[in-house]
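Trainee: I have a structure here, written as structure tokens, and I will follow up with some questions on it.
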Amino acid sequence: MSEIRLAAETRTEFGKGAARRARRAGFVPGVVYGHGHTPVHLNLPSHDLMMALKTPNALLVVPIEGKDEFVLPKAVQREAIKRTIEHVDLLLVKRGETVTVEIPVLTEGELAPGGNLLEHVLNNLPVEAEATHLPESVTVSVEGLEAGASVLAGDITLPKGTKLAVEADTVVLQVIGAQASQADADAEAAAAEA
């Protein structure tokens, strides 16, 4: 995963009024914390941050006290209706450090014929990886799986340097058999009586 560099300025004003002024000026208030470091309050460019956060577990580079630092988005608060970013909490990370993140589970292939349904028990898989080499997602093949089949976390092939952060027997995906409608059941019962 590549690093996304964001221009950021240190925030000196706090409170609702200061946050509103920052948002009107095109910035998102944020705070960086971690590694026993004193929390640093920043204003981040709104559009650039929104584009960066489209990538799951984006590794951001922001200037803190004159030095570029790696940060990961930890919590993003969005406005309820417009879905604009209101505030972001960023976690300070170091190169070589192992972090736990959740990566999206993608599927490929077709289920066995018969109207079966695929249920995502986990949409995101918790994994441990090096902070500067986080996988964007993991793809699982569901080709030919039949009703009752399930894919466990331990069955998923993870990228090199990535470990599971859940038990290996955790169900990630399962195939549910097609259920007959009541009309189909009534028709079968009538045919059996005839």
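The values are calculated or read from the model by the stated rules, or taken from the named source; none is laboratory data. In this text the structure is predicted, and so the values were computed from the model without any measurement. Don't worry about glycine lacking a Cβ; one is built from the backbone with ideal geometry, like all the others, and counts go over all protein chains shown. Ligands, DNA and RNA are excluded from the accessible area calculation, which covers all protein heavy atoms including side chains. Shrake-Rupley method; radii C 1.70, N 1.55, O 1.52, S 1.80 Å.
Trainee: Quick check of the Kirkwood formula: for the chain, what is the inverse mean of 1/r over all pairs of different Cα atoms, in Å?
Mentor: The answer is 19.8 Å.
Trainee: Let me ask another. As a test of understanding, state the convex hull volume per residue of region 44-96 from its alpha carbons, in Å³.
Mentor: Considering the Cα atoms of region 44-96, their hull volume per residue is 83 Å³.
Trainee: Full extension from residue 41 to residue 178: what is 0.36 nm times the residue separation minus their Cα-Cα distance, to one decimal in nm?
Mentor: Separation in residues times 0.36 nm, less the Cα-Cα distance, equals 44.1 nm.
Trainee: At 7 Å along Cα-to-Cβ for each site, give me the label-to-label distance between residue 4 and residue 102 in nm.
Mentor: Using points 7 Å along Cα→Cβ, the separation is 1.8 nm.
Trainee: Angle between the Cα long axis of helix 182-193 and the longest principal axis of the chain, 0 to 90 degrees, nearest 10?
Mentor: Here the helix axis deviates by roughly 10 degrees.
Trainee: Also, quick follow-up: Quick check: at a probe of 1.4 Å, how many percent of the accessible area of the chain sits on carbon and sulfur atoms? Write down the numbers at each step before the final one.
Mentor: Details: 5690 of 11420 Å².
Answer for the chain: carbon and sulfur cover 50 percent of the accessible area.
Trainee: Let me know the number of lysine pairs in region 1-142 closer than 27 Å at the Cα, not counting same-chain pairs under 8 apart.
Mentor: So the count of such lysine pairs works out to 10.
Trainee: Okay, moving on. Let me have the 222 nm mean residue ellipticity of the chain computed from DSSP H runs of 4+ only, each contributing -39500 (n - 2.57), with the sum over all residues rounded to the nearest 500.
Mentor: -4000 deg cm²/dmol
Trainee: Order the peptides 89-95, 14-20 from the highest to the lowest mean number of other Cβ atoms within 10 Å of their residues.
Mentor: 89-95, 14-20
Trainee: As I understand it, the dipole of region 42-166 uses +1 on the Cβ of Lys and Arg and -1 on the Cβ of Asp and Glu, about the Cα centre. Which of 52, 133, 147 lies farthest toward its positive end?
Mentor: Toward the positive end, the furthest listed residue is 52.
Trainee: Still on this structure, I have one more. Given Cα pairs under 8 Å that are at least 6 residues apart, what percent is the relative contact order of the chain?
Mentor: Value for the chain: 17 percent.
Trainee: In debye, nearest 20: dipole of the chain around its Cα centre with unit charges on the Cβ of K, R (+) and D, E (-)?
Mentor: Values: 17 positive and 27 negative charges, 357 e Å.
About 1720 debye.
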